[in-house]
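Structure first, then comments.
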Amino acid sequence: MGKKVILINKMGCMLCERVLYEITHERKLSCNEYLDTESPKVFNDFIQLFQINRFPVIQIDDGVKFITIHRDDKATIESKPDMEIIFCSTIEEMMEAFDEAFAR
């Protein structure tokens, strides 16, 4: 199974659109995008489970581990054996973390 990229985005968020563009056009990867307006249940379940409220959020599912890359400094979720949580201060750091995590 190949790696899956998932984006949790808010409609109208310019940073969300930038991350989507960088992943799909610059890196030429496909991804599943969940928008707050199109998938409200998935979006709200994500917020409840991961306690992250700042978007965009990038997730990589490699079949063994779920890697979540986010910018919410108030999130309280921590890494577990099957789940890695990476906090980044900026979109640039998020994309660097994405590239490193995706290359593993």
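The values are calculated or read from the model by the stated rules, or taken from the named source; none is laboratory data. Computed from a predicted structure; not experimentally measured. Cβ atoms come from the backbone with ideal geometry, glycine included; neighbour counts cover every protein chain shown. Each accessible area value is taken on the protein alone, full model and side chains, heavy atoms only, with ligands, DNA and RNA left out. Shrake-Rupley method; radii C 1.70, N 1.55, O 1.52, S 1.80 Å.
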*Keeping to the stretch 1-30, report how many residues are more than 12 Å from Ile91 (Cβ to Cβ) and among the charged types (D, E, K, R).*
6
_Among the residues in the stretch 21-33, are any of a type in the set (A, V, I, L, M, F, W, C), open to solvent by 30 Å² or more (accessible area, probe 1.4 Å) and in contact with a Phe, Trp or Tyr (Cβ under 7 Å, 6 or more places away or on another chain)?_
no
*Give the residue that is least open to solvent (accessible area, probe 1.4 Å), with candidates limited to residues of the stretch 79-104 that are aromatic (Phe, Trp, Tyr) and outside any strand (DSSP E or B).*
Phe98
*asked:* Here is a check on your reading of the model: is Thr76 more than 10 Å from the chain's Cα centre (by Cα), hydroxyl-bearing (Ser, Thr, Tyr) and open to solvent by 60 Å² or more (accessible area, probe 1.4 Å)?
replied: yes
*Kindly indicate whether Asn53 is outside any helix (DSSP H, G or I) and either open to solvent by 80 Å² or more (accessible area, probe 1.4 Å) or out of contact with any helix residue (DSSP H, G or I) (no Cβ under 6 Å at 6 or more places or on another chain) (or both).*
yes
*Could you give me the residue pairs with C-beta distances under 7 Å whose first residue belongs to the stretch 60-71 and is assigned to a loop (DSSP other than H, G, I, E, B), whose second residue is open to solvent by 50 Å² or more (accessible area, probe 1.4 Å) and among the hydrophobic types (A, V, I, L, M, F, W, C) wherever it lies, and which are 6+ apart or on separate chains?*
Gly63/Met1
*Would you please list the contacts, defined by Cβ atoms under 9 Å and residues six or more apart or on different chains, that run from a residue in the stretch 46-58 that is farther than 19 Å from Met14 by Cβ to a residue that is of a type in the set (Gly, Ala, Ser)?*
Phe50/Ala75; Gln51/Ala75
*May I ask you to verify whether Phe46 is surrounded by 19 or more Cβ atoms within 10 Å (Cβ to Cβ) and more than 21 Å from Arg104 (Cβ to Cβ)?*
yes
*Would you please name the residue that is modelled with the lowest pLDDT, looking only at residues in the stretch 1-23 that are under 16 Å from Phe102 (Cβ atoms) and of a type in the set (D, E, K, R)?*
Lys3
